[in-house]
Amino acid sequence: MRRALNTLASFLRHPAGVIGLVILIGVVVLAIVAPTLFPVDPWDMVAAPFQPPFDGETWLGSDMLGRDVAACIAYGARVSLLIGVSSTLAALVIGVTVGAVAGYFGGRVDEVLMRFVELFQTIPGFILAILLVATLGPSLTNVILAIGAVSWPQLARLTRAEFLRLRSREFVQAAVCQGQPPLSVVLRHILPNAVSPIIVTGSLMIASSILIESALSFMGLGDPNLMSWGFMIGASRSVMRQAWWMSVFPGIAIFLTVLAINLVGEGLNDTLNPRLSRKARGA
Amino acid sequence: MSVVAITRYGGRLSAYVLGAASGAVKIIGVILVIATFNFILVHAAPGDPAQVIAGQSGAADETLLRQIRSAYGLDQPYLVQLASSLKKTLTLDLGYSYRQQRTVLSLLLERLPATLLLTGTAFILSLVFGTALGTIAGTRAGKWSDTFFTIVSLLLYALPVFWLGLMLVLLFSVQLNWLPPFGYVTVGVEMTTWQRIADIAWHMVLPTLSLAAVYLAIYARLMRSSIIEVKQQDFIKTARAKGVTESRIVMHHLLRNAILPVITVAGMQAGGVVGGAVVVETVFAWPGLGRLIYDAVLQRDYPVMQGIFLIMSIVVIGLNLLTEAVYRMVDPRISVRSVT
Amino acid sequence: MTDEPLLSIENLSVALPKGGDRQFAVENVSLAVRRNEIVCLVGESGSGKSITAHAVLRLLPPGLDVAAGAIRFKDTDLARADEGTMRALRGGPISMIFQEPLSALNPLTRVGQQIAEAIITHAGAKLSGSEVDARVIELIAAVGLPDPPALARSYPFQLSGGQRQRIMIAIAMANEPALLLADEPTTALDVTTQKQILALVRRLQAERGMGVLFITHDFGVVADIADRVVVMRNGCVVEQGAVDEVLRAPKNDYTKALIAAVPGGRPASMRGHALGTDPLLVARGLNKVFTSRQGVFRPVRRVPAVQDVALTLRPRETVAVVGESGSGKSTLARMIMRLIEPDTGAIDFDGVDFLKLKGVQLRAMRRKVQIVFQDPFAALDPRQKVGEAIARGPMTYGTPPVDAIAEAKRLLARVGLKESAYERYPHEFSGGQRQRICIARAIALKPLVLVADEAVSALDVSVQQHILELLAELREEMSLAMLFITHDLRVASEIADRIVVMRRGEIVEQGETQSVFGAPQHAYTRELLEAIPGRSLFGRPHEPSANLRFA
């Protein structure tokens, strides 16, 4: 508990991380209060088409069908965060399992699994995601699975490297010599020491998942029932000359969200990074 | 005790040969795996595989479906189908686009050069400028120029590629009218070869910028931290103890050592650049494979999508092998480098 | 020896960054180096000896600055000289060599080019390319390396540690320096290599009449190489003088303690215990080859680490396995711990075939053999309370937590720490304290055999002495048999009943400690004994020179 508080305190000393955290909280709050703020379905026509922003009727203007851009952005925040988090969780489950197995057992198992991971990393991930969603159908689940499927190799590699590094560390060998069974060694000594870089990479992965999701929606491969930022930008392309706000605002929303997550991730990295704390320890 | 390989010097040429051989094996391996994956995907897709292959175009046309079933042997056991599709892929028979009424291979080969031009240029530009900016920031760590470049790369890194493209169009084409908003070359104008090259280059400016920006940020950040790390190593102190000037230390000791991790990551990121090309080509109507896959998605033209997936993967491996070769040129210890 | 000092450091203070626990890294240090003499700057870690040497060339790490004092070299005050002057001096009249010769050389450049760079930097365009090449070859030959033209073309990773350090020396000699700063240049090397490098530095110094400021932590090295000695502690000079005076009749208490702590002087068997007769552990025919693959088409590399080794350990007996790096001694220890599986061989341990055990049976047997590792910083889980690290072992074997915790606290007190240490984390302890925690963790399981893998090698001599004493006491109290792995023959001579000498994976000689040191049979053992630094003053282990033993 004291440890967690210490971590939080040292995170708060990181100005960029705090800025990121503030923006991120803003986006999360927007996503939560979207239905209260905009009780009307974002797909419904609420104003005349092509209303410019800051003009009274709507905050951020309306699109070619009279939909409220601000409402669409608020609802889009829900989709982006939902997909970002759940596809990262999917990637975490696959990646950490594969990496842990490869790193702990080593040898043949490691060799085979890592060939597989390497292959997945070679394949252009975004094209694989397009292919998966296009073939299996553009539903929310399929989009999450497709993004998870292209993101996990990075986590697998990281987890494996951490496990390999820690497995040969002397404190882990000492635990083995104490007669602790393998599962206890992994859960008590390896995983707790590997978890910081996994958390950092995982948090940064939420940002890249949001970027992939928006690109898929932009290509017309988002769930057609859900309003998303990428879809909004895709829809605005043909009318870019008349209605700049239709593409500018959703883009800013993506940009800020991704930036905020990256800043928080960097802050976490600096807080949890063992190299810094090692320096502070001295010797 | 350390288990470090010592490869004697004469081994360097044979290392190239081995590199080429293992590259060839890699390519064939990836082709086989992707062909298998494509095969599974067609059968995993909801609905009749023949309808999937036909795409939206001929879904209702029973004669076409019959034709597809016999061409793909869809009535045969799965393993036979798989074997024949692997064999076809290895001989570069990538199937037929019923939508476009052409073989997929001819379609892809027609579009490939434009994609290679765009991704290649963006890849090289982002590497060159990224490492340059990273070096400036890293050698001046803590000074204002470092802070400035660090913030810029942080911002660039958070930009969605397609949106950046649109914003560049909005600014430089719609507002300022300086650069063409889309296309590959001005249509319907007589041009000499040189004029044509200049025209293409002119059209390339915005797409290349959009694609290169993110990777430039990645390489700059990486190079910066790499420079800072190498700066603290003992051999830099040795150089200083020799009386070597700071600029020579940067050029002769710092740069070469610091660029190694950037090269490794560049190889790993090659897939990302190729993926980014898809959205950039879509935004700028660049007549390459990315634009083609966008159209294929709209028309649910699966043979084309799968063909692009295969070709793009091969392009990525090509870029991987290229970066590996560069690494080998820079680092004499290559044989000690492990896979991780 | 002329009286005119070549280098004269006067009241030098180097400030640490604000907010640390000390204000100065080096405080009010004065010393001088004359032409044609070697001055040894000796001290334990944190004494400021290395910082002092770095301050001379103004190569201090970022954050450290000269706060006061002067560093006079000929007519220049180096503490105040501008950067251009300093650059002209570095690698020219003053040159420097470092501790770790692998990281001190640029890994991507041929060593010949790295030597040439030093020449060209100072000679500029005055020399033609072929003249530079000839000079490089000449320098490589001068530092005693074979086949200079081929060596010039190799990369650092292709050379051994000793060869790399010779290349570093060649770089330092490139412009005929008047002063050489040597920062622990032999610490990372094996003893036999250390002996050669010390001889080389001595020879080059004498040939060229150089002044040398030689940094070391080892009084043996001091005895071998120094004309004068400066002893430092916590950033201050505590004593200096001619080598014979300081080593034979030290005035300062700290110097006395340091010299007394140099291992090898105290006899091993001040023991009344009887060794058991029936062997407790018998290893036979142990073999281990490490293999690794670089790629599909590359040949599998095979590195034989241990070849056909047999070893016997009797109850309550201490066997020291000595050898240089690559001798396979650590691999042997880890095979006996079952941390590395041997390719072939058998280990009979307390009546069972240890290598045949698997799973639960293996874990049940593990408590009988425990290990203390070399690096006390790596050997404790940074996220585990130290008390838990000790109590966890007995708990695994079914001791109720209450008892295990009480026992852990008792053990902490036994190894010389407070019971309240139980609740604290490893980073709150010093290296020596951590090693005590590791020992407590090992003996908590009441093992029959304790394996100490270079357990005192990473520690300063004074701490080393205390840990050795602790181990000796515990051995008697708990009737432990000990397998003591070390590269340091002096340490081995103090603790072992029997010595096993290994080289390149094979045992070349073994026998009673007295006889191995007194009448070594194998040429390699003799070579190792010859290479022990400071023999002239400290004598050979087991024949201590009386003049050095003072109260």
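The values are calculated or read from the model by the stated rules, or taken from the named source; none is laboratory data. Fair warning: this is a prediction, and the values are worked out from it, not measured in the lab. Cβ placement follows ideal geometry from the backbone for every residue including glycine, while neighbour counts extend to all protein chains displayed. In case anyone asks, the SASA skips ligands and DNA or RNA and just uses the protein heavy atoms, side chains included. Shrake-Rupley method; radii C 1.70, N 1.55, O 1.52, S 1.80 Å.
As an exercise, use a Förster radius of 51 Å and the Cβ-Cβ distance of B:Val189 and A:Asp41 to find the FRET efficiency, rounded to the nearest 0.05. Once rounded, the FRET efficiency stands at 0.55.
Relative to the compact-globule estimate of 2.2 N^0.38 Å, the Cα radius of gyration of region B:196-236 comes out at 1.88. For chain C, DSSP calls about 55 percent of its internal beta bridges antiparallel. Taken as Cα centroids, region B:89-123 and region C:197-258 sit 74 Å apart, rounded to the nearest whole angstrom. The share of accessible area on region C:361-411 that comes from carbon and sulfur is 52 percent, using a 1.4 angstrom probe. Most simply put, the protein assembly as shown has about 55% antiparallel DSSP beta bridges, counting only bridges with both residues inside it. Taking only the Cα atoms of region C:142-281, the ratio Rg/Rh comes out at 1.10, with Rh defined as the Kirkwood radius. When both region C:361-391 and region A:118-143 are represented by their alpha-carbon centers, they are found 46 Å apart.
Taking square-rooted eigenvalues a ≥ b ≥ c of the alpha carbon gyration tensor, is the protein assembly as shown rounded, prolate or oblate, where a/c under 1.5 means rounded and, failing that, a/b exceeding b/c means prolate? Since a/c reaches 1.5 and a/b is larger than b/c, the shape of the protein assembly as shown is classed as prolate. Against the criterion of solvent-accessible heavy-atom surface with a 1.4 angstrom probe, A:Ile25, B:Ile34 sort, most first, into A:Ile25, B:Ile34.
The Cα center of region C:297-343 and the Cα center of region C:83-135 differ in position by 41 Å. In chain A, the DSSP-assigned H stretches of four residues or longer account for a calculated mean residue ellipticity at 222 nm of -25000 deg cm²/dmol, using -39500 (n - 2.57) per stretch and the full residue count as denominator.
Within chain A, all pairs of alpha-carbon atoms sorted by distance into 5 Å bins from zero give the percentages 1, 6, 10, 13, 14, 14, 12, 10, 7, 5, 4, 2, 1, 1, 0.
In sequence order, region B:31-45 has phi-based couplings of 4, 5, 5, 5, 4, 4, 4, 4, 4, 4, 4, 4, 7, 7, 4 Hz under the Karplus curve 6.51 cos²θ - 1.76 cosθ + 1.60, θ = phi - 60°, and Gly or Pro positions carry x.
Over chain C, the hull volume per residue, using the convex hull of the C-alpha atoms, is 181 Å³. For region C:104-134, the residues whose amide N sits under 19 Å from a probe point set 7 Å from the Cα of C:Asp147 along the beta carbon direction are C:110-113. Neighbouring Cβ atoms from other chains, within 10 Å of the Cβ of residues in A:187-197, number 2 on average.
For B:Arg99, neighbours were defined as the other residues whose beta-carbon sits under 13 Å from its Cβ, and their charges (Lys and Arg +1, Asp and Glu -1) total -1. Checking the cross-link pairs C:Lys256/C:Lys446; B:Lys231/C:Lys49; C:Lys288/C:Lys358 against a 31 Å limit on the alpha carbon distance flags C:Lys256/C:Lys446 as lying beyond it. Ranking B:Tyr157, B:Tyr78 by solvent-accessible area of protein heavy atoms (1.4 Å probe, all protein chains present), from largest to smallest, gives B:Tyr78, B:Tyr157.
Shape call for region C:1-102 from the C-alpha gyration tensor, a ≥ b ≥ c root eigenvalues: rounded (a/c under 1.5), prolate (a/b greater than b/c) or oblate? Rounded, since a/c falls under 1.5. Computed from the Kirkwood radius of its Cα pairs, the Stokes-Einstein diffusion coefficient for region B:107-339 at 20 °C and 1.002 mPa s stands at 110 µm²/s. Mean partner shielding of peptide C:283-292, defined as the number of other chain Cβ atoms within 10 Å of each residue Cβ, is 1. Tell me whether region C:116-166 comes out rounded, prolate or oblate; compute the Cα gyration tensor, take square roots of the eigenvalues as a ≥ b ≥ c, and use a/c under 1.5 as the rounded threshold. It comes out prolate by the Cα gyration axes. Based on DSSP H segments of at least four residues, each scored -39500 (n - 2.57), chain C has a per-residue ellipticity at 222 nm of -10500 deg cm²/dmol. Amide H contacts of C:Glu37 (H built 1.01 Å from N, in plane; Pro and chain starts excluded): C:Gly211, C:Val212 sit under 5 Å, all sequence-distant by 5 or more or on other chains. Rolling a 1.4 Å probe over the protein heavy atoms leaves C:His522 with an accessible area of roughly 60 Å². Taking other residues whose beta carbon is less than 15 angstrom from the beta carbon of C:Asp218, and scoring Lys, Arg as +1 and Asp, Glu as -1, yields -3.
Mean residue ellipticity at 222 nm, helices only, chain B: -24000 deg cm²/dmol; runs of at least 4 DSSP H residues each add -39,500 (n - 2.57), and the sum is divided by the number of residues.
Once the other residues with Cβ under 15 Å from the Cβ of B:Ala132 are scored (Lys, Arg +1; Asp, Glu -1), what is the net sum? Result for the local shell: +3. Computed over all pairs of different Cα atoms, the Kirkwood value for the hydrodynamic radius of region B:157-209 is 12.0 Å. Per residue of C:382-391, other chain Cβ atoms within 10 Å of the residue Cβ number 3 on average.
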